[in-house]
Amino acid sequence: MITNSTWALYWGCVIPNRLPYMELAIRETFRHFDIQGEEIKGFTCCPNPLTLPRIDHQAAMAISARNLAIAEKKGMDILTPCNGCFEALKGTAKCLQKDKQLHTEINAILAKTGHEYKGPVKVKHFIQLLFEDIGLGVIADSVTHPLTDLTAAVHVGCHLLRPSNLLNVDDAQRPTILHQLVRALGAKTVQFLDEMDCCGYGTRPADREMALKMTGIKLENMKRAGAEALVVICPACTLQFDLMQRLALRDAEDKTPIPVFYYPELLNLALGTNPDQLGFNLHRVRVDSILNKLVPHVTP
Amino acid sequence: MKLDEHLEEISIKLAKRVDTKSCFACGTCVAACPVSRLIGSDNYHPRRVVKATLEGEATRLLEEPALWFCTSCHACLEHCPQKVPVSELIQDLQNLASSLGITPDDIVSEVENILTSGWALAPSEQANKTREKLGLQPIPIDERSSNDLQTIAKVTELLKRLDTIKQRKLKEAETQNAIEEEGEA
């Protein structure tokens, strides 16, 4: 690792454009735990593991490596809150570390753009930073407004974990990080049938209806398990579960909506941040019922 | 490069990564696959992709829409007791299909977007308005970066493949028009 004093912030494209309330909650978390990050000029698409590498895997690696090279030149490690970006960037770093010949090939492509990727730069997911660097103990100790009344399902998202030989974050089949982080806030978590299945987003470019069906089944399973809210950490999962929820539950027996929270939003509520500061009105599925219960002193 | 040589190259690449013959056809990848479970293993079957490739018959998969159903969740690869990288193989085949001009429209338009704007989702004015209301800075735009991406697309096969995809689409549209005109006449 180069440094852990200031992170090169890699936001990706979905969070800044479509889900800026996630960025808001992250920046609040930075302030709370005194995490330093810097915006880096010159980053481009990670690129999206669901599109570009499906046409040309080598070009995708070169584009990822270019991003790595830019952070490396600044002498900073990369911090990203997006699962897709994490898989693209960390996956590429690991592949090139394992395969020297591939590393040389990719650098030959990068040379045409005036960049070189040497290798020391590390890539970390924001959720890893919370779990590994800040730690459950510090998080639990910082809670001033425990979320004891909340029973939630959690959805980690495939690209934080898999392929595990490249990403190596948590058990790829039975991950516990997010369950533990939610419980550290005082809330209860439930497990549900096929919890580790894809949210549906991955098959969206080929077949939107199939993607919606996958999302709908998952939403029904978590409601059946007794969850009153869902906690996510990935922007792609959020688009499926929040933005597309009404469509996904179109044919469901039980069409009751289930509010979707981004983990740092819940963290901020537990730390006492005023919900008015967090942009909850931008959620597609209303979260008022849960907010009224968790923070009765403030009505959004 | 001829298609046969392409396929051979993929087989060699796969054989280098793992002993592909180690697939003992247990079907764990099929049970792990969320798409197989949703639409039925008759309609989507990851193990048959491995089998077809090993037998040098993957060519027939390239024009099937099902080649693109893979969610890239990597559950197959993760559950495989023999560590056969099934999802990576599927991606190799998708690359091959693209080099023949076969790729779903949504994937193509997003990749074109990446090459022109630098991002899968280009920074929008509307997004910046919302960000301003939240007290967030506008999304920075850096034109030099997308030039770099276009250079990468030229040096790799990417630009050529996008062009082949476009040509194939044009040809398909022409054939379709000809059929319609014939019908009208």
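The values are calculated or read from the model by the stated rules, or taken from the named source; none is laboratory data. Quantities reported herein were computed from a predicted structural model and do not represent experimental measurements. Note that we place each Cβ from the backbone using ideal geometry, even for glycine, and neighbour counts take in every protein chain shown.
Observations, loosely collected:
- Taken over the range B:46-72, the criterion of being surrounded by 15 or more Cβ atoms within 10 Å (Cβ to Cβ) and in a loop (DSSP other than H, G, I, E, B) is satisfied by B:LEU62, B:PHE69, B:CYS70, B:THR71, B:SER72.
- With respect to the conditions (1) surrounded by fewer than 23 Cβ atoms within 10 Å (Cβ to Cβ); (2) part of a loop (DSSP other than H, G, I, E, B), A:LYS94 lacks only one, and its number is (2).
- Residue match in the range B:113-120 (condition: more than 9 Å from chain A (Cβ to nearest Cβ), polar (S, T, N, Q) and surrounded by fewer than 19 Cβ atoms within 10 Å (Cβ to Cβ)): yes
- Within the range A:226-264, if we keep just the residues that are acidic (Asp, Glu) and in contact with a helix residue (DSSP H, G or I) (Cβ under 9 Å, 6 or more places away or on another chain), the residue that is surrounded by the fewest Cβ atoms within 10 Å (Cβ to Cβ) turns out to be A:GLU253.
- Candidates B:SER41, B:SER36 - the one that is touching a Phe, Trp or Tyr at 6+ places or on another chain (Cβ under 6 Å), more than 10 Å from every other protein chain (Cβ to nearest Cβ) and either in contact (Cβ under 8 Å) with a residue 60 or more places away in the chain or over 27 Å from B:GLU5 (Cα atoms) (or both): B:SER36
- All positions within the range A:5-59 that are β-branched (Val, Ile, Thr) and in a helix (DSSP H, G or I): A:VAL14, A:ILE15, A:ILE26, A:THR29, A:ILE55
- Test: residue in the range B:153-164 that is of a type in the set (Gly, Ala, Ser) and more than 26 Å from A:PRO53 (Cβ to Cβ): no
- Single residue of A:ASN83, A:ASN67, A:ASN48 found to be facing chain B (nearest Cβ under 7 Å), at pLDDT 95 or above and under 27 Å from A:VAL232 (Cβ atoms): A:ASN48
- Search result, residues across the range A:25-43 that are under 20 Å from A:GLY75 (Cβ atoms) and crowded, with 22+ Cβ neighbours inside 10 Å: A:PHE43
- The criterion of at least 1 residues that are modelled with pLDDT under 95 and touching a strand residue (DSSP E or B) at 6+ places or on another chain (Cβ under 8 Å) is met by none of the helices (runs of 4 or more DSSP H) falling completely within the range A:180-268.
- The range B:23-45, residues that are of a type in the set (S, T, N, Q) and surrounded by 15 or more Cβ atoms within 10 Å (Cβ to Cβ): B:THR28, B:SER36, B:SER41
- Against the test of being buried (at least 22 other Cβ atoms within 10 Å of the Cβ) and within 12 Å of chain B (Cβ to nearest Cβ), the options A:HIS159, A:HIS155 yield a single qualifying residue, A:HIS159.
- Helices (runs of 4 or more DSSP H) within the range B:74-137 that include 2 or more residues within 25 Å of A:ASP207 (Cα to Cα): B:75-79, B:86-99, B:105-117
Residue-by-condition table, conditions (1) within 14 Å of another protein chain (Cβ to nearest Cβ); (2) closer than 19 Å to A:LEU294 by Cβ; (3) without any contact (Cβ under 8 Å) to a residue 40 or more places away in the chain:
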site	(1), (2), (3)
A:SER142	no, yes, no
A:LEU147	no, yes, no
A:THR176	no, no, yes
A:ARG183	no, yes, yes
A:ASP194	yes, no, yes
A:THR203	yes, no, yes
A:ASP207	yes, no, yes
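- Test for A:LYS124: is it in contact (Cβ under 8 Å) with a residue 24 or more places away in the chain and either of a type in the set (Asp, Glu) or away from every other protein chain (no Cβ under 12 Å) (or both): yes
- Just one residue in the set A:ALA108, A:ALA62 is within 11 Å of chain B (Cβ to nearest Cβ) and surrounded by fewer than 23 Cβ atoms within 10 Å (Cβ to Cβ); that residue is A:ALA108.
- Selection from the range B:76-95 of residues that are at the interface with another protein chain (Cβ under 7 Å from one of its Cβ atoms) and more than 20 Å from A:ALA60 (Cα to Cα): B:LEU77, B:GLU78
- Condition broken by A:MET22, with the remaining ones in (1) surrounded by fewer than 23 Cβ atoms within 10 Å (Cβ to Cβ); (2) within 13 Å of chain B (Cβ to nearest Cβ); (3) closer than 19 Å to A:LEU129 by Cα; (4) in contact (Cβ under 8 Å) with a residue 12 or more places away in the chain satisfied: (1)
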